[in-house]
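Heads up: the structure comes next, in structure tokens.
The values are calculated or read from the model by the stated rules, or taken from the named source; none is laboratory data. As the structure is a prediction and not an experimental result, all values here were calculated from the model. Every residue, glycine among them, receives a Cβ derived from its backbone with ideal geometry; neighbour counts consider all protein chains shown. Heavy atoms of the whole protein, side chains included, go into the accessibility calculation; ligands, DNA and RNA do not. Shrake-Rupley method; radii C 1.70, N 1.55, O 1.52, S 1.80 Å.
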Amino acid sequence: MTIPVIPAPQRARTRGLRCDVGMSRIVGDDAERCVVQQVLSDWEVRPDGCEIALLRSQDLAPQHYRLRVAAEGKIEIEASDEAGFRYAAHTLRALRGEHGIIVCEVEDGPRFRERGIFIESFWGTDLLQLPDWLLMLDRFAALKFNRLGISVYGCWDLRHDGDRGEYLFVPVPGFDKLRTPHRFRRYDAGQRRLVDHEYLPVMFAQDLFAEVVAYGARVGIEVIPFVAGPGHSSLLPREYPVLSARDERGVPVGYGYCVSAAEARAELERFFTAVVVDVFQAAGVQRFGVQADEFFPIRNVLPEDPARRLDPYCRCESCAPLSPGELLLRYLDLVGAVAAAHGLGMVHWHDSLEREGVLELYAAQCEATGRDVTVSWWGYNDPLPSARSCSAWRTWVTPTPGLIASLLPQDFTLNISQWVDQAERIDADGVFAYNTYQPAHARNYAAVADAAWNGKRSGGGRGFAQRWAQRTSNADDASLADDLAASVYGSYALMTYVVQQTLPYFAVSSGPEVRYTTDLLRTLATPFPALTSALRQARDTLACAQATMPPIPPYGPWERIDADWRWEIERTTRHLDAVGAAVELARAASRGELAEGAVGQWRTRSESLLDDILVRTPAWLAPIVSREHAQVVEELPELIERISAGEESGFDLPPPWHAWLF
């Protein structure tokens, strides 16, 4: 019989009996007693409760533990370190239900020593308040993660309403020009329209970083801040052009860095010294991310000229002879020297090192300098890169539990399983999953936790899915519902290349020439390929999954697993209903058969979804989620008028006898 613990323990024996006990006291050394008491702080304390005995056992490996819950209520925990006692306490907490504690014996410990989640700086995470960060840490601690990456500086392309995709979560002393105010239009329920939304990232404005790091240490999670560059960096080189990459004429391009000129290197060193000493070390950070990912030219960055290509490869007189790989190595050597001088390690993403063919050169550089380096391999769709371990650094793998929180949910169990299989193959040091944080992705987070804790013992995605279903009152119905939902959410191609495209997120990244609502509905109105049929089938399948799924029980501080799962399916199905109905309105208008009041009725239904988004989505995420859904509501009435006036065509084409997709 299995026990309802996530991640699943290595070994557990139980006959399903329960004992109804409170807690009288915890007996053990002060440090470990405080750790266990913190995890069990919400347990009832009563005079007739049981004693929890904590025993140091040096035959157990770090982070491992033994837990015994006897029928008479006696509880013993053995571990060799505080982490082991903490994880045992989390297991004990999970064993407690409304009918008492499950009587059992557990011997447990992780397959991978480092297990973490990376939080991207993005629309949504930039509005997290301090209580949101602390609850996030509690939730990940309950799943036995021990690392949390936070992007504190990163730059993306333009998004809704021309908002710069730049994020700075920490003030940097001596660099006062570095601020990332945001402005986009969000839906306002009172005014029934999009209104301007202007703000600074909350972590920056309230200077929360040190508090988050301290709370992470308290719950057993090392916080690792990440700094983007030399790709994904436009704010710093724009505001401080002396360190910017330059074109062939020596003009700063405002993207990437010069890594050869003395004045540029000095300014880069000054920046990283300020970040390392005044921000990271002051907060107690042990290492930080020097991302080094996606180091290549991009466009859609400049509000005044979105079509302009920005090249991060410096072409000044000193840098021009260097290849992109050599430029990257110079950058990493400069930042690495600052980190090493202050005793901090570094974490990198693998992709640019591999793409530019300099992995081996960087390994030799790390060996020669003895720097503390971790390289994490990532990829989110097939084919995944083939990860390689290296004696010069620690190696992690990076699956995802969900990429963009404002989009519709996806099931990344396959990606998680594939990456953990690779971690087993190369004997990696850790599993460190990338996402933008969305509590509704609880199942995906649990899948990462289970795979990172158990490795191949987890049984892959199928093994995890079976245990997830067994937590409900009807495992057969839960498995069926899970499979139905996965047939839609688990298809990367269907979700990414069809369903998610019905939101404006991808359209706005393609430049100003794209007309989101017009282009979307014209494409969907085309009789072949029958994309509306694909969307309708996805919608009906998800609705069936929702109707079949029994209530999903909470797990520790993950209190809204069931409500969040059902809401995200409802958001998906209602959105697809609205898009499908909009296509039919466009077709009717094209034929001159639009019923009076039809557009107004559609808008009323669509606005009810927007109202629910504001109420049922976390407050920090609701503005950007509502923005994703509001644009079609705002633009459709005018589009229908243009179609009715004959100013737009292509919405009512006859189907061919034999359709040729290509």
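Being of a type in the set (Gly, Ala, Ser) and either more than 30 Å from the chain's Cα centre (by Cα) or open to solvent by 60 Å² or more (accessible area, probe 1.4 Å) (or both) is the filter here, so list the residues in the range 259-274 that pass it.
Residues satisfying the conditions are SER260, ALA261, ALA262, ALA264, ALA266.
Which numbered condition in (1) under 30 Å from ASP482 (Cβ atoms); (2) open to solvent by 30 Å² or more (accessible area, probe 1.4 Å) is the only one that GLY600 fails?
Unmet condition: (1).
Scan THR532, THR541, THR496 and give me the residue that is in contact (Cβ under 8 Å) with a residue 60 or more places away in the chain and among the β-branched types (Val, Ile, Thr).
Unique residue meeting the criteria: THR496.
Quick check: anything in the range 35-50 part of a strand (DSSP E or B) and farther than 17 Å from TRP453 by Cα?
Yes: the range 35-50 contains one or more residues that are part of a strand (DSSP E or B) and farther than 17 Å from TRP453 by Cα.
Just for the range 384-415: of the residues that are in a loop (DSSP other than H, G, I, E, B) and more than 20 Å from the chain's Cα centre (by Cα), which one is surrounded by the most Cβ atoms within 10 Å (Cβ to Cβ)?
ALA387
Hand me the list of helices (runs of 4 or more DSSP H) wholly inside the range 310-383 holding 1 or more residues that are open to solvent by 10 Å² or more (accessible area, probe 1.4 Å) and over 23 Å from CYS258 (Cα atoms).
In the range 310-383, the matching helices (runs of 4 or more DSSP H) lie at 359-369.
Read through the list (1) surrounded by fewer than 16 Cβ atoms within 10 Å (Cβ to Cβ); (2) over 26 Å from VAL373 (Cα atoms); (3) within 27 Å of the chain's Cα centre (by Cα), then give the number of the only condition that VAL251 fails.
(3)
Which ones in the range 629-662 are closer than 30 Å to ASP611 by Cα, among the hydrophobic types (A, V, I, L, M, F, W, C) and either in a loop (DSSP other than H, G, I, E, B) or open to solvent by 20 Å² or more (accessible area, probe 1.4 Å) (or both)?
Matches in the range 629-662: PHE651 only.
Return yes when ALA79 is more than 21 Å from PRO557 (Cβ to Cβ), touching a residue at least 12 places away in the same chain (Cβ under 8 Å) and touching a helix residue (DSSP H, G or I) at 6+ places or on another chain (Cβ under 6 Å) and no when it is not.
Answer is yes for this residue.
For ARG462, which of the numbered conditions (1) without any contact (Cβ under 8 Å) to a residue 60 or more places away in the chain; (2) among the charged types (D, E, K, R); (3) under 23 Å from ALA543 (Cβ atoms) fails to hold?
(3)
Considering each residue of the range 424-440, count those that are under 19 Å from LEU134 (Cβ atoms) and in contact with a Gly (Cβ under 8 Å, 6 or more places away or on another chain), and give that number.
Going through the range 424-440 one residue at a time, the tally reaches 4.
Which of the residues that make up the range 1-27 are more than 29 Å from the chain's Cα centre (by Cα), in contact (Cβ under 8 Å) with a residue 40 or more places away in the chain and open to solvent by 20 Å² or more (accessible area, probe 1.4 Å)?
THR2, ARG11, ALA12, ARG13, THR14, ARG15, GLY16, LEU17, ARG18, ASP20, VAL21
Please go through the range 280-300 and give me each residue that is of a type outside the set (Val, Ile, Thr), in contact with an Asp or Glu (Cβ under 9 Å, 6 or more places away or on another chain) and either open to solvent by 20 Å² or more (accessible area, probe 1.4 Å) or at negative phi (or both), ordered by number.
ALA283, GLN286, ARG287, ASP293, GLU294, PHE295, PHE296, PRO297, ARG299
Does SER352 satisfy the criteria of being touching a Ser or Thr at 6+ places or on another chain (Cβ under 7 Å) and of a type outside the set (Lys, Arg)?
no
Restricting to the range 276-301, give me the number of residues that are closer than 16 Å to HIS232 by Cα, assigned to a loop (DSSP other than H, G, I, E, B) and in contact (Cβ under 8 Å) with a residue 40 or more places away in the chain.
Summing the residues that are closer than 16 Å to HIS232 by Cα, assigned to a loop (DSSP other than H, G, I, E, B) and in contact (Cβ under 8 Å) with a residue 40 or more places away in the chain in the range 276-301 gives 9.
Out of the range 28-53, which residues are in contact (Cβ under 8 Å) with a residue 12 or more places away in the chain and small (Gly, Ala, Ser)?
The answer is GLY28, ALA31, GLY49, ALA53.
Given the conditions (1) touching a Cys at 6+ places or on another chain (Cβ under 6 Å); (2) among the hydrophobic types (A, V, I, L, M, F, W, C); (3) open to solvent by 10 Å² or more (accessible area, probe 1.4 Å), and given that VAL277 satisfies all but one, which numbered condition is not satisfied?
Status for VAL277: all satisfied but (1).
Every residue in the range 219-244 that is assigned to a loop (DSSP other than H, G, I, E, B), of a type in the set (Ser, Thr, Tyr) and open to solvent by less than 10 Å² (accessible area, probe 1.4 Å), please.
Selection gives SER233, SER234.
Yes/no per residue for (1) open to solvent by 20 Å² or more (accessible area, probe 1.4 Å); (2) within 28 Å of the chain's Cα centre (by Cα):
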{"residue": "GLY49", "(1), (2)": "no, no"}
{"residue": "ILE52", "(1), (2)": "no, no"}
{"residue": "ARG66", "(1), (2)": "yes, no"}
{"residue": "ILE77", "(1), (2)": "no, no"}
{"residue": "ALA94", "(1), (2)": "yes, yes"}
{"residue": "GLY116", "(1), (2)": "no, yes"}
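Would you mind telling me which numbered condition in (1) in contact with a helix residue (DSSP H, G or I) (Cβ under 7 Å, 6 or more places away or on another chain); (2) modelled with pLDDT under 95 ALA70 fails?
Checking ALA70 against (1) in contact with a helix residue (DSSP H, G or I) (Cβ under 7 Å, 6 or more places away or on another chain); (2) modelled with pLDDT under 95, the one that fails is (1).
Looking at (1) at pLDDT 95 or above; (2) under 24 Å from PRO553 (Cβ atoms); (3) open to solvent by less than 20 Å² (accessible area, probe 1.4 Å), which is the one condition that is false for GLY109?
Here GLY109 meets the rest and fails (2).
Inspect all residues belonging to the range 139-148 and state whether any of them is touching a Lys or Arg at 6+ places or on another chain (Cβ under 7 Å), in contact (Cβ under 8 Å) with a residue 24 or more places away in the chain and either of a type in the set (A, V, I, L, M, F, W, C) or surrounded by fewer than 20 Cβ atoms within 10 Å (Cβ to Cβ) (or both).
Scanning the range 139-148 turns up at least one residue that is touching a Lys or Arg at 6+ places or on another chain (Cβ under 7 Å), in contact (Cβ under 8 Å) with a residue 24 or more places away in the chain and either of a type in the set (A, V, I, L, M, F, W, C) or surrounded by fewer than 20 Cβ atoms within 10 Å (Cβ to Cβ) (or both).
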